[in-house]
Amino acid sequence: MKYYEMHEVVYQRIKNDGHLSWDKSSSFDDMWLHGTNIGLKKHLTEVGLSFKDLRVLDLGTGTGTSALYCAKEGAKCVGVEVSKTAIDIAFKNAQALGLDVEFIVGDILDLNLNKKFDLVIDSTVLHCIVGDNDRKNFYETAKRHLNADGYLFINTMISMGDMSSHFRKDYFHYEDEILWSLGISEITKRKTIDGKSYFPHRTLLFEENQIKEFKNNGFEIVNIEIVSESVNCMVALLKLKT
């Protein structure tokens, strides 16, 4: 099992518990208030874009939190997610809302839909991608599916320096901008730290390194902000470098 395929295990629990989304929303009104949706509306408004008839690709769509929000606002959406269980929930959510969204089970690091979009969304998936090659593949997927004048929207966790107080020390280990986690023995890519076997769980880059990564992968910044929650998130609207 690849490290990011661990989300299938989590989504099975979410389905069994009857939740609508990763953050355990109990209503669609709650789901619309997800940070990605709030950031999308804010930053698209600031550049004068409307959701209406916008062609949107939602990477790491999960149960459709952002794809469904964009569709509700008038966009034409495709959501891609590696977890089949998450996509099953997304379809049910779409049916309950009466919204037409195309949901696809697929690996966003190896994706080619042969379509172009006005907006590609990182549905808080970028911080789930670990390693230079995999992260490069994320940006390549975004570039492959973007119109020349399209936007990439990012909502990703970033490092706050000493992260020891933000994660359980008995389960997580943070070093070199990677959060390592115990558990899920099926994941084959692992690292032994202090005699314990960890898998790569998250990438939490420092703010300046996250910005540098955007630029090194062919994007320029249109808007950017740091949102402080339980951990800091970088919310950014990017365009392809010209």
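Overview of values
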quantity: Odd one out for Leu240 among (1) closer than 28 Å to Leu33 by Cβ; (2) in contact (Cβ under 8 Å) with a residue 60 or more places away in the chain; calculated: (1)
quantity: Exclusive hit being in contact with a strand residue (DSSP E or B) (Cβ under 7 Å, 6 or more places away or on another chain) and either closer than 24 Å to Lys41 by Cβ or without any contact (Cβ under 8 Å) to a residue 60 or more places away in the chain (or both), set Val101, Val130; calculated: Val101
quantity: Residues (out of contact with any Phe, Trp or Tyr (no Cβ under 6 Å at 6 or more places or on another chain) and either surrounded by 17 or more Cβ atoms within 10 Å (Cβ to Cβ) or assigned to a helix (DSSP H, G or I) (or both)) located in the stretch 30-39; calculated: Asp30, Met31, His34, Gly35, Thr36, Ile38, Gly39
quantity: Segments classed as strands (runs of 3 or more DSSP E), wholly inside the stretch 104-194, with at least 2 members that are surrounded by fewer than 17 Cβ atoms within 10 Å (Cβ to Cβ); calculated: 146-157, 191-193
quantity: Positions within the stretch 152-205 being under 20 Å from Glu225 (Cβ atoms), touching a Leu at 6+ places or on another chain (Cβ under 7 Å) and aliphatic (A, V, I, L, M), in sequence order; calculated: Leu152, Ile154, Met157, Ile158, Leu204
quantity: Complete set of residues in the stretch 161-182 that are at pLDDT 85 or above and small (Gly, Ala, Ser); calculated: Ser181
quantity: Criterion: surrounded by 17 or more Cβ atoms within 10 Å (Cβ to Cβ) and in contact with a His (Cβ under 8 Å, 6 or more places away or on another chain) - qualifying residue of Leu205, Leu237; calculated: Leu237
quantity: Checking Val10 against (1) within 16 Å of Asn155 (Cβ to Cβ); (2) hydrophobic (A, V, I, L, M, F, W, C); (3) outside any loop (DSSP other than H, G, I, E, B), the condition it does not meet; calculated: (1)
quantity: Among residues of the stretch 217-237, those that are farther than 20 Å from Gly35 by Cβ, outside any strand (DSSP E or B) and either out of contact with any Phe, Trp or Tyr (no Cβ under 6 Å at 6 or more places or on another chain) or among the basic types (Lys, Arg) (or both), counted; calculated: 1
quantity: Complete set of residues in the stretch 217-234 that are farther than 23 Å from Val120 by Cα and either surrounded by 20 or more Cβ atoms within 10 Å (Cβ to Cβ) or free of Cβ contacts under 8 Å to residues at least 40 places away in the same chain (or both); calculated: Ser228
quantity: Verdict on Thr141 being of a type in the set (Val, Ile, Thr) and in contact with a Leu (Cβ under 7 Å, 6 or more places away or on another chain); calculated: yes
quantity: Some residue of the stretch 209-216 being out of contact with any Phe, Trp or Tyr (no Cβ under 9 Å at 6 or more places or on another chain), within 25 Å of Asn37 (Cα to Cα), surrounded by 11 or more Cβ atoms within 10 Å (Cβ to Cβ) and among the aromatic types (Phe, Trp, Tyr); calculated: no
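Okay, residues lined up against (1) aliphatic (A, V, I, L, M); (2) in contact (Cβ under 8 Å) with a residue 12 or more places away in the chain; (3) buried (at least 22 other Cβ atoms within 10 Å of the Cβ):
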| position | (1), (2), (3) |
| --- | --- |
| Ser21 | no, yes, yes |
| Phe28 | no, yes, no |
| His43 | no, yes, no |
| Val47 | yes, yes, no |
| Gly64 | no, yes, yes |
| Tyr69 | no, yes, yes |
| Gly74 | no, yes, no |
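The values are calculated or read from the model by the stated rules, or taken from the named source; none is laboratory data. Computed from a predicted structure; not experimentally measured. Because the Cβ atoms are built from the backbone with ideal geometry, glycine has one as well, and the counts that use them run over all protein chains shown.
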